[in-house]
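Colleague: Structure in structure tokens, see below.
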Amino acid sequence: MVNRTHLSELKRLSGQERGYKDWNQWRRKNPTVAPDFSNADLSGLDLGLFDLRGANLKSAVLRSTRLFSAELNNADLSNANFSQANLSSAQLVNCILDQANLSRADLRGSNLRKACLVAANLREANLSKATLNSANLTQASLSKADLTSAIMKAVNLQNADLSAAQALGTDFEEAVLTGVCLQNWNSNDKTILDNVYCEYVYLEKVFGGRFNQRYPAHRPFLPGEFIKKFQKTSNNIEFFLPNGIIDLPLSLQSLKQLYPGKVFEVLEIESKEREAVIVRLEALSAGNQESIKEFHQKQIQLAEAFYGLQTATPNLYRRDTLEQSRIGNKLTQGQQQRLEKECKDLQDLWNLKAERLRHLRQNLAIESASAIRFQLQQQIRDEEEDIQSLNNKLAEIEQALERQENLSTLD
């Protein structure tokens with residue numbers, strides 16, 4: 001239970017020029033007294049450099065509280081609310097933060113060694129250059145968190161959410177990563193994954209926060225398989241194409257300017273929602289300019305063929321369904337529902353294409369550089385062709401659905 005005397009004194013000294021010195025002196029004189037601030041509202045206070053070691057802050061509210069370089073070692077912070085608090089350079093060694101809310105908190109350079117953060121909320125928190133060696137982050141949410149250059153050796157991240165996390169130069173040596181969600185996480189060649197323990201990961205997070213797309217699907221990783229798939233080298237490049245393979249030629253052109261004398265081999269294409277894809281490339285040394293052009297043309301053809309194989313099955317199913325409708329056969333309820341869903345998906349895609357075409361035309365109207373104008377004109381032609389193709393597909397499906405409606409009326 002909160003100690004009213006402790007709480008009153010802390011609030012009185014908060015923000016005073018000598019506040020932290022007077023408080024810390026009192027702590028030194030009373031080493032056996034553990035301040036109790038459980039369930040207290042400490043939002044917005046300035047507690048920078050305060051000695052709160054061993055304090056009871058269970059379920060306390062510290063929204064936007066300044067705790068820069070504060071001493072919180074061995075404190076009980078479970079279920080506390082630190083959202084948007086400044087904990088940069090704070091000492092949190094061996095503290096309890098189970099189910100604590102640290103969303104959007106500033107934890108840059110903080111020391112969380114051996115801290116317990118089971119099911120803690122660290123969404124969009126800044127943990128760059130923080131130390132979390134041997135911390136327990138089981139089931140913690142680190143979605144969109146910044147882990148740049150953080151030291152996370154031997155950390156337990158089992159079933160944690162690392163979706164869209166920035167893990168550039170992060171040290172995960174000997175970490176437990178079984179069951180983590182790695183959707184759209186961002187790592188680089190300086191990210192350390194040596195000796196991690198991982199049986200499987202998830203590649204997607206669906207509505208409600210549930211993880212999906214287990215990888216590998218029905219077995220654990222083989223020895224060395226995890227690091228082979230996820231460890232990036234300085235020669236590997238990964239980028240996101242929201243509009244699909246259609247943007248690959250322009251992306252390769254941009255990469256050629258950034259990395260002169262290199263060619264880029266397509267290693268993998270990963271389909272995302274709608275038409276978006278992630279393309280993984282390896283940079284290789286190039287010969288003359290003509291060979292670069294020829295090599296990239298082959299890579300584009302390879303990527304298009306690979307992507308075509310990925311999307312062939314639903315297209316074949318649609319053609320078979322349309323053929324049944326065309327010859328007058330009544331479709332099953334499941335077949336009709338699939339056609340209706342595809343019709344809606346194509347309409348959504350048509351809307352996205354139309355919006356992209358509008359932006360391209362606007363950019364063309366204000367662009368003066370001839371090389372960029374040429375690229376924009378080519379993109380506009382491609383989008384117009386895609387929209388026409390979508391119109392044809394939509395018309396075909398709508399006619400099939402209309403025939404089914406007529407057949408149902410006859411019944």
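The values are calculated or read from the model by the stated rules, or taken from the named source; none is laboratory data. Bear in mind the structure is a predicted one, so any value in this text is a computation, not a measurement. Virtual Cβ from ideal backbone geometry, glycine too; neighbours counted across all protein chains shown.
Colleague: Would you be able to say whether some residue in the range 73-93 is surrounded by 24 or more Cβ atoms within 10 Å (Cβ to Cβ), hydroxyl-bearing (Ser, Thr, Tyr), modelled with pLDDT of 95 or more and part of a loop (DSSP other than H, G, I, E, B)?
Modeller: Pass one, the range 73-93, residues surrounded by 24 or more Cβ atoms within 10 Å (Cβ to Cβ): 75, 77, 80, 82, 85, 87, 90, 92.
Checking which are hydroxyl-bearing (Ser, Thr, Tyr) leaves us with none.
No, there is no match, as no residue in the range 73-93 is surrounded by 24 or more Cβ atoms within 10 Å (Cβ to Cβ), hydroxyl-bearing (Ser, Thr, Tyr), modelled with pLDDT of 95 or more and part of a loop (DSSP other than H, G, I, E, B).
Colleague: Now, a different point. Select, from Phe239, Phe226, the only residue that is closer than 21 Å to Ala164 by Cα and modelled with pLDDT of 75 or more.
Modeller: On the way: Phe239 fails: modelled with pLDDT of 75 or more.
None of the other options fit; the residue is Phe226.
Colleague: May I pose another question? On the given criteria, is Ser143 among the hydroxyl-bearing types (Ser, Thr, Tyr) and buried (at least 23 other Cβ atoms within 10 Å of the Cβ)? Outline the logic, then answer.
Modeller: On the way: among the hydroxyl-bearing types (Ser, Thr, Tyr): yes; buried (at least 23 other Cβ atoms within 10 Å of the Cβ): yes.
For Ser143, the condition - among the hydroxyl-bearing types (Ser, Thr, Tyr) and buried (at least 23 other Cβ atoms within 10 Å of the Cβ) - is met.
Colleague: Among the candidates Phe172, Phe207, single out the residue that is closer than 30 Å to Ala283 by Cβ and of a type in the set (A, V, I, L, M, F, W, C).
Modeller: Phe172
Colleague: Just give me the residues in the range 356-367 being closer than 21 Å to Pro249 by Cβ, under 30 Å from the mean Cα position of the chain (by Cα) and at pLDDT 75 or above, in sequence order.
Modeller: The first filter runs over the range 356-367 and keeps only residues closer than 21 Å to Pro249 by Cβ, leaving 356-357, 359-361, 363-364, 367.
Checking the rest, the ones that are also under 30 Å from the mean Cα position of the chain (by Cα) come to 356-357, 359-360, 363.
Within the range 356-367, just Leu357 meets the criteria.
Colleague: Identify the residue in the range 21-49 that is touching a strand residue (DSSP E or B) at 6+ places or on another chain (Cβ under 8 Å) and aromatic (Phe, Trp, Tyr) and, among all such residues, is nearest to Thr65 (Cα to Cα).
Modeller: Step by step, filter the range 21-49, then rank; the result is Phe37.
Colleague: Ok, one more. If Glu204 meets every condition in (1) crowded, with 18+ Cβ neighbours inside 10 Å; (2) charged (D, E, K, R); (3) assigned to a strand (DSSP E or B) apart from one, which number is that one?
Modeller: Evaluating Glu204 over (1) crowded, with 18+ Cβ neighbours inside 10 Å; (2) charged (D, E, K, R); (3) assigned to a strand (DSSP E or B) leaves (1) as the failure.
Colleague: Another question, if that's okay. Among the residues of the range 186-201, write down those that are assigned to a loop (DSSP other than H, G, I, E, B) and at pLDDT 90 or above.
Modeller: Answer for the range 186-201, where residues must be assigned to a loop (DSSP other than H, G, I, E, B) and at pLDDT 90 or above: Thr191, Leu193, Asp194, Asn195, Val196, Cys198, Glu199, Tyr200.
Colleague: A further question on this structure: Filter the range 76-95 down to the residues that are touching a Leu at 6+ places or on another chain (Cβ under 6 Å) and aliphatic (A, V, I, L, M) and list them by number.
Modeller: Within the range 76-95, Leu77, Ala80, Ala85, Leu87, Ala90, Leu92 meet the criteria.
Colleague: From (1) surrounded by fewer than 18 Cβ atoms within 10 Å (Cβ to Cβ); (2) touching a Leu at 6+ places or on another chain (Cβ under 6 Å); (3) within 24 Å of Ser110 (Cα to Cα), pick out the condition that doesn't hold for Val155.
Modeller: If we test Val155 against (1) surrounded by fewer than 18 Cβ atoms within 10 Å (Cβ to Cβ); (2) touching a Leu at 6+ places or on another chain (Cβ under 6 Å); (3) within 24 Å of Ser110 (Cα to Cα), just (1) comes out false.
Colleague: Filter the range 139-154 down to the residues that are under 18 Å from the mean Cα position of the chain (by Cα) and either aromatic (Phe, Trp, Tyr) or more than 12 Å from Thr191 (Cα to Cα) (or both) and list them by number.
Modeller: Hits for the range 139-154 are Gln139, Ala140, Ser141, Leu142, Ser143, Lys144, Ala145, Asp146.
Colleague: Ok, one more. Out of (1) over 16 Å from Gln253 (Cβ atoms); (2) at pLDDT below 80; (3) among the small types (Gly, Ala, Ser), what's the single condition that is false for Ser370?
Modeller: (1)
Colleague: Go over the candidates Leu102, Leu42 one by one and state the one that is outside the structural domain of Leu147 (by TED's automatic domain parsing) and either of a type in the set (Val, Ile, Thr) or under 24 Å from Glu17 (Cβ atoms) (or both). So that I can check it myself, show each step before the final result.
Modeller: Details: Leu102 fails: either of a type in the set (Val, Ile, Thr) or under 24 Å from Glu17 (Cβ atoms) (or both).
Only one candidate qualifies: Leu42.
Colleague: Right, here's the next one. Output the residues belonging to the range 4-37 that are assigned to a loop (DSSP other than H, G, I, E, B), over 16 Å from Asn73 (Cα atoms) and in contact (Cβ under 8 Å) with a residue 24 or more places away in the chain.
Modeller: Let us first name the residues in the range 4-37 that are assigned to a loop (DSSP other than H, G, I, E, B), namely 14-18, 30-35, 37.
Restricting the remaining residues to those that are over 16 Å from Asn73 (Cα atoms) gives 14-18, 30.
Scanning the range 4-37 gives Ser14, Gly15.
Colleague: Sort out which residues of the range 168-185 are modelled with pLDDT under 90 and farther than 22 Å from Asn133 by Cβ, and write them in order of number.
Modeller: Hit for the range 168-185 is Asn184, nothing else.
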